[in-house]
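Asks: Once you've had a glance at the structure underneath, I'll fire off some questions.
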Amino acid sequence: MKYLLAAEADKIQEFIFRSSSLREVVGASQLLLELCKTGIHELVKHYGGSVIVSDGGSFRVLFEDVDAKVAQQRAKDFGADLAELYRLLVDGMLSVAEPVQVNGDFKAANRAADLALRQAKAHRQGAVAVAHMPYIAFCASCGLALANKHGRLPNEPANRRERYLCDACQIKAQSRWDTRRTPLLQFLKKVIGHEPNLDDFDWPQDADDVAHYDLRQHNYVAYLVADGNNMGSVFGDCDEEQIRKLSERLTDTVRTSLAAPTGQIMKQLPRQQNKDHQTIVPVLPLIIGGDDLFALLPAPYALDFARRFCLAYEQHVGALVREVLGPHTAQPSVAAAIVICKSKYPYALVHRRAEMLLAEAKRQCKLLAAEAGEHLSAINFEVILGNQLSTDVHDSEQERVVRTSLRPYWVASENVSLSDKALRYGIDLQKLTEQRLCLKDVPNTRLAELRRRFESLPSAMTIRSRDEQLTQWTQELLPLLKRSGKPTEECLHKALTVLGQPASGSHAHHWRELTRAAAKPLANGMLDLLEAWDFALDLKNLPDEYEPEEVVE
């Protein structure tokens, strides 16, 4: 008799981000990876189980015995010990479901285990109050846990000030140090294509190291968050052997997808070195677990980097899924979000905002799949200027009859046109990067004027009056375009057409109709381009190709 046990770590992101530096974030992510890949196997062996899934903080373990009660009890005992191991190792909580009997149909048992896990999460015990005493100190790194040491994190420089530290932060820092070369080696092998000399490379120590790649020297960096679409259904369609193969290879396949644009961006940007004359790898994977990704990267090529990652994901994860499930499996897609901000901006706030942007991109993917059966990847993005707090301005536009944004954008392969149904939801992100190159010679003063025009668009529009008001707004825009000179005027007209109403449109304005749930607002992507102007470079072009020629007005 077989029993399937499902378990999942609770609030993984809270544990990973409960640190004051990116190095500890990497260490926490690596610690979870080691637990999933090697840490539980001795425990599984002790209870005579078989690991089906162990990745990204999610576990599926199968127990078998001729006596059903013995198999069930072994599963329960293993679950209790696994939760305790997780608590001791990372000071976190693990939800463990009741074991589910497998009666010859593994897919049905897997669905039942998922349901049991959701029930376990819904009925888990509440948080335990932390003891407070006058002489108790909280950790200076995470600010949440009780400190048990006054000193420095493992391998911190001697000139670093000593402070109160908790167990979890010390363990994460130690894990980052112990495994600092292993993930770099795995990643660089994929980026470079051969065995690298690790003495020539190093990870960024913090976001400031990546900010050095900002071509404008304004200290901007970008964060990429991505999550595969419909992977839950893919795993739900797997039998025991298929789900094991997917689980074992998915993380490495996503790492391969990230390495593809990393190699391109290393060729295009000037190399930055640390004090030991090692080349800093410009892309830092903070979290890679299953189909989830959180990475730090240079800002200039951020949008095209995300686009090329999505294409690589479709290629590599698609090949993996077809190899495991068969050639007729639907093409996997991915939703991604890019947040561009100052290097000092808190990464936890960045991730929180990126998750909101990601949800909007995933919603668009699901709507298209439900309506047309098409599976496309989508990218959403936002630029946080200076140290401003992220807001829900673009979310509030969902209710407007006219939107100044086309986000999220689709991802399409080179020379592949989107279908008419897909175009009703948005356009290809590559259209945005193409117009960035086309408009490179437009003077900054003209771009600033154009941006003010879009930002001052009348907000109180109704469906009946919007065509008339937009036509009038467009007529008022024409003198601004004409003052730019003939070549620039033509480029701006083309960009407004590409990012707005198609050339064959029947309206006397540059706005296209979008499908957003039950609404059909008009929208234009010009303001998206202007906001992401410095970050919309195409990786096939060198930075010098975007330098404007002298234009005499």
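Asks: Can you send over the carbon and sulfur percentage of the accessible area for the chain, probe radius 1.4 Å, protein chains only?
Replies: It is 51 percent, rounded to a whole number.
Asks: Full-extension gain between C438 and T38, please, as 0.36 nm times their residue separation minus the C-alpha to C-alpha distance.
Replies: Separation in residues times 0.36 nm, less the Cα-Cα distance, equals 138.9 nm.
Asks: Follow-up question, since we're still on this one. Using modelled backbone amide H atoms (1.01 Å from N, in-plane), which distant-in-sequence or interchain residues come within less than 5 Å of N229's amide H?
Replies: S333, V334, A335
Asks: Determine ³J(HN,Hα), in whole Hz, for all residues of segment 61-70 in sequence, where each value follows from phi through the Karplus function 6.51 cos²θ - 1.76 cosθ + 1.60 and θ = phi - 60°; x replaces Gly and Pro.
Replies: Values per residue, Gly and Pro as x: 10, 9, 10, 9, 7, 5, 9, 4, 5, 5 Hz.
Asks: Quote the accessible area belonging to T251 in square angstrom, nearest 10, computed with a 1.4 Å probe and with ligands, DNA and RNA left uncounted.
Replies: 10 Å²
Asks: May I pose another question? Kindly rank 52-64, 440-452 from highest to lowest mean number of other beta carbons found within 10 Å of each residue.
Replies: Answer by packing, highest mean first, reads 52-64, 440-452.
Asks: Could you give the length gained by full extension between R483 and N155, i.e. 0.36 nm per residue of separation minus their alpha carbon distance, to one decimal place?
Replies: Numbers: separation 328, 0.36 × 328 = 118.08 nm, distance 6.05 nm.
Additional length available on full extension: 112.0 nm.
Asks: Among rounded, prolate and oblate, which fits segment 409-519 when a ≥ b ≥ c are the square roots of the eigenvalues of its C-alpha gyration tensor, a/c under 1.5 means rounded, and a/b larger than b/c means prolate?
Replies: Oblate.
Asks: Taking K494 as the anchor, which lysines have their alpha carbon closer than 27 Å to its alpha carbon, excluding any fewer than eight residues away along the same chain?
Replies: In chain and number order, the partners are K421, K431, K440, K482, K486, K520, K540.
Asks: Another question, then. Taking the Cα-to-Cβ direction at L349 and at A448 and moving 7 Å from each Cα, how far apart do the two end points lie in nm?
Replies: 2.6 nm
Asks: Kindly rank 290-298, 101-109 from highest to lowest mean number of other beta carbons found within 10 Å of each residue.
Replies: Ranked from most to least packed, the peptides come out as 290-298, 101-109.
Asks: Between D77 and T462, what FRET efficiency comes out of the Förster formula 1/(1 + (r/R0)^6) with R0 = 51 Å and r the beta carbon distance, rounded to 0.05?
Replies: Efficiency, rounded to the nearest 0.05: 0.20.
Asks: Something else: Once the Cα gyration tensor of the chain is diagonalised, what are the square roots of 5 times its eigenvalues, in whole Å and ordered largest first, as equivalent ellipsoid semi-axes?
Replies: Whole-Å semi-axes of the equivalent ellipsoid: 44, 29, 22.
Asks: In Å², what does the accessible area per residue of the chain work out to with a 1.4 Å probe?
Replies: 46 Å²
Asks: For a test of understanding, tell me how many lysine pairs in segment 205-353 have Cα atoms under 27 Å apart, given they are 8 or more places apart or on different chains.
Replies: Lysine pairs satisfying the spacing and distance rule in segment 205-353 number 5.
Asks: Still on this structure, please answer the following. Please give the solvent-accessible surface of Y164 in Å², to the nearest 10, using a probe radius of 1.4 Å with every protein chain present.
Replies: Result for Y164: roughly 110 Å² accessible.
The values are calculated or read from the model by the stated rules, or taken from the named source; none is laboratory data. Because the structure is predicted, anything quoted here is derived from the model rather than measured. Backbone-built Cβ (ideal geometry, glycine too); neighbour counts: all protein chains shown. Ligands, DNA and RNA are stripped out before the accessible areas are found, and what is left, the full protein with its side chains, is counted by its heavy atoms. Shrake-Rupley method; radii C 1.70, N 1.55, O 1.52, S 1.80 Å.
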